[in-house]
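To start, the structure itself, in structure tokens.
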Amino acid sequence: MNLDQRISQALQRLVDQGKEVAATIQHAESRGDIVAIGFGPWVDAALYSAWVTSVLNLVGRVFGRDSDHYQHLLKYRENPSGLEHMVAPVQGIVSAAKSDYDNGYLFDVKELAAAEVFGDILEMAAYLQKSGYHVAAASLSGGVLEDSLRRLHLKHIGKWAGDSNISKLNDGLHKQGVYAQPQWRQIQTWGDIRNDADHGNFASINAADVGRMIDGITDFVVRYAA
């Protein structure tokens with residue numbers, strides 16, 4: 001599961017938790033554990049508080065504390081009015097946040113997070129290459145390259161439809177003028193090394209070439225995808 005999927009799933013869990021909070025309003029009269037605590041008589045205040053705290057934590061980390069989503073949420077943490085009037089607005093904010101994330105409207109946030117993860121993976125690939133495991137390093141760094149190209153396609157062209165690989169993504173980005181032919185040619189070479197690693201053509205893979213591949217992909221992520 002990649003980073004995007006993890007974040008999307010976490011946002012979905014908060015959407016689902018919001019439905020559980022809303023259900024305490026609908027069934028308040030039949031529950032003996034519904035308490036007021038100054039916010040209103042028909043909402044499970046403890047459940048609401050835990051939910052909003054989780055929402056603020058995740059939205060703050062993913063979108064930033066200066067984002068509109070986070071700032072709007074703050075009003076519903078501190079608002080002294082009844083909780084029964086606050087559940088629906090928070091549900092709306094969380095749903096909108098998930099929709100924005102899933103539809104790729106948060107390029108800067110997502111790319112910064114991805115760049116950090118990619119950096120860690122490329123460091124691991126460099127360690128493997130220096131330790132004599134250059135085939136594994138080629139496969140690992142090739143995965144970073146493909147994911148970077150997919151993100152770059154989303155940013156400049158749109159979400160990729162169907163199966164993708166390094167060659168297809170590279171062709172599409174080059175045709176749209178995202179980068180020039182020398183960069184396209186270099187990516188094709190990296191893609192060939194990655195394919196050899198993934199398909200058992202180990203004799204075709206040179207350790208020094210993998211080292212240069214890792215350095216080149218690191219530079220590419222910084223220049224284009226980060």
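The values are calculated or read from the model by the stated rules, or taken from the named source; none is laboratory data. Owing to the predicted nature of the structure, the values given are computational and were not obtained by experimental measurement. A quick note on method: Cβ atoms are made from the backbone with ideal geometry, for glycine too, and the neighbour counts reach across all protein chains shown.
Annotations
- Yes/no for Asp209 being modelled with pLDDT of 90 or more, in a helix (DSSP H, G or I), within 23 Å of Val135 (Cα to Cα) and not polar (S, T, N, Q): yes
- Candidates in segment 123-174 are the residues that are among the acidic types (Asp, Glu) and in a helix (DSSP H, G or I); of these, the one that is nearest to Asp215 (Cα to Cα) is Glu123.
Residue by residue, here is whether (1) in contact (Cβ under 8 Å) with a residue 40 or more places away in the chain; (2) in contact with a Phe, Trp or Tyr (Cβ under 6 Å, 6 or more places away or on another chain); (3) over 23 Å from Asp120 (Cα atoms) holds:
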residue	(1), (2), (3)
Leu140	no, no, no
Ser167	no, no, yes
His174	no, yes, yes
Ala180	no, no, yes
Gln188	no, no, yes
Gly211	yes, no, no
Ile217	yes, no, no
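- Output for segment 205-224, where each listed residue is among the polar types (S, T, N, Q) and buried (at least 18 other Cβ atoms within 10 Å of the Cβ): Thr218
- Applying the criterion of being assigned to a loop (DSSP other than H, G, I, E, B) and out of contact with any His (no Cβ under 7 Å at 6 or more places or on another chain) to the residues of segment 196-206, the residue that is nearest to Gly143 (Cα to Cα) is His199.
- Ile214 vs. criteria in a helix (DSSP H, G or I), of a type in the set (A, V, I, L, M), in contact with a helix residue (DSSP H, G or I) (Cβ under 8 Å, 6 or more places away or on another chain) and closer than 30 Å to Asn103 by Cβ: no
- Taking the listed residues Tyr48, Tyr76, the one that is closer than 24 Å to Ala96 by Cβ, in a helix (DSSP H, G or I) and modelled with pLDDT of 80 or more is Tyr48, with no other qualifying.
- Test: residue in segment 30-37 that is surrounded by 14 or more Cβ atoms within 10 Å (Cβ to Cβ), at pLDDT below 80, small (Gly, Ala, Ser) and outside any helix (DSSP H, G or I): no
- Check on Val144, under 19 Å from Glu123 (Cβ atoms), surrounded by 18 or more Cβ atoms within 10 Å (Cβ to Cβ) and under 19 Å from the mean Cα position of the chain (by Cα): yes
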